[in-house]
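Q: Quick one: the structure is below, questions incoming.
The values are calculated or read from the model by the stated rules, or taken from the named source; none is laboratory data. In this text, all values refer to a predicted model and were calculated from it rather than measured experimentally. Don't worry about glycine lacking a Cβ; one is built from the backbone with ideal geometry, like all the others, and counts go over all protein chains shown.
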Amino acid sequence: MESNKESDRRKYSRIATDQVISFAPVETRDLLAVSRDLSVGGIRFEAVGCEINFGDVLRVTFNVGDHTIVAVGKVVWATEMDPITTEVGIEFIEIDPAMLRLLEEAAGNPPSI
């Protein structure tokens, strides 16, 4: 369970998720991963059998309700969970404004101006 201190320091509210997403370095084929949570600022997911490094720019595709969102983000952290699994944190750098509003609504954040 998340402590109040930890939730207070988060910039964006998290949306818990456990769905298959796709990701890829921009301009290459998609790979699959499992998302763990997402927010207006980014997404956390687990990838199996691939190398992902700090600073990589990835395109991620995921669903929020009935909407498919495609965003581009920068890897801000990557942690090896075991020899084949990497947990990754992506900060969005490109996302459609309408999809950003959808994420804000889903997370309970007031829309940004």
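Q: For the range 1-55, what are the residues that are at pLDDT 80 or above, out of contact with any strand residue (DSSP E or B) (no Cβ under 7 Å at 6 or more places or on another chain), of a type outside the set (A, V, I, L, M, F, W, C) and farther than 18 Å from E80 by Cα?
A: Of everything in the range 1-55, just one residue is at pLDDT 80 or above, out of contact with any strand residue (DSSP E or B) (no Cβ under 7 Å at 6 or more places or on another chain), of a type outside the set (A, V, I, L, M, F, W, C) and farther than 18 Å from E80 by Cα, namely R29.
Q: Right, another one. List every residue pair whose Cβ atoms sit under 9 Å apart, with the two residues 6 or more apart in sequence or on different chains, where the first one lies in the range 72-88 and is surrounded by fewer than 16 Cβ atoms within 10 Å (Cβ to Cβ) and the second, anywhere, is of a type in the set (V, I, T) and not in a strand (DSSP E or B).
A: V72/V26
Q: Pairs needed: first member in the range 27-47, free of Cβ contacts under 8 Å to residues at least 24 places away in the same chain; second member anywhere, aliphatic (A, V, I, L, M); C-beta distance under 7 Å; at least 6 residues apart or different chains.
A: Correct list of pairs: L31/A24; L31/A47; L32/V20; V34/V20; D37/I15; D37/A16.
Q: Additional query: So which of N63, N53 is surrounded by 13 or more Cβ atoms within 10 Å (Cβ to Cβ) and touching a residue at least 24 places away in the same chain (Cβ under 8 Å)?
A: N63
Q: Please find, within the range 7-17, the residue that is surrounded by the most Cβ atoms within 10 Å (Cβ to Cβ) out of those that are without any contact (Cβ under 8 Å) to a residue 60 or more places away in the chain and within 20 Å of A78 (Cβ to Cβ).
A: Restricting to residues being without any contact (Cβ under 8 Å) to a residue 60 or more places away in the chain and within 20 Å of A78 (Cβ to Cβ), the top hit is T17.
Q: In the range 92-113, what count of residues is obtained for those that are surrounded by fewer than 14 Cβ atoms within 10 Å (Cβ to Cβ) and in contact with a strand residue (DSSP E or B) (Cβ under 6 Å, 6 or more places away or on another chain)?
A: Going through the range 92-113 one residue at a time, the tally reaches 2.
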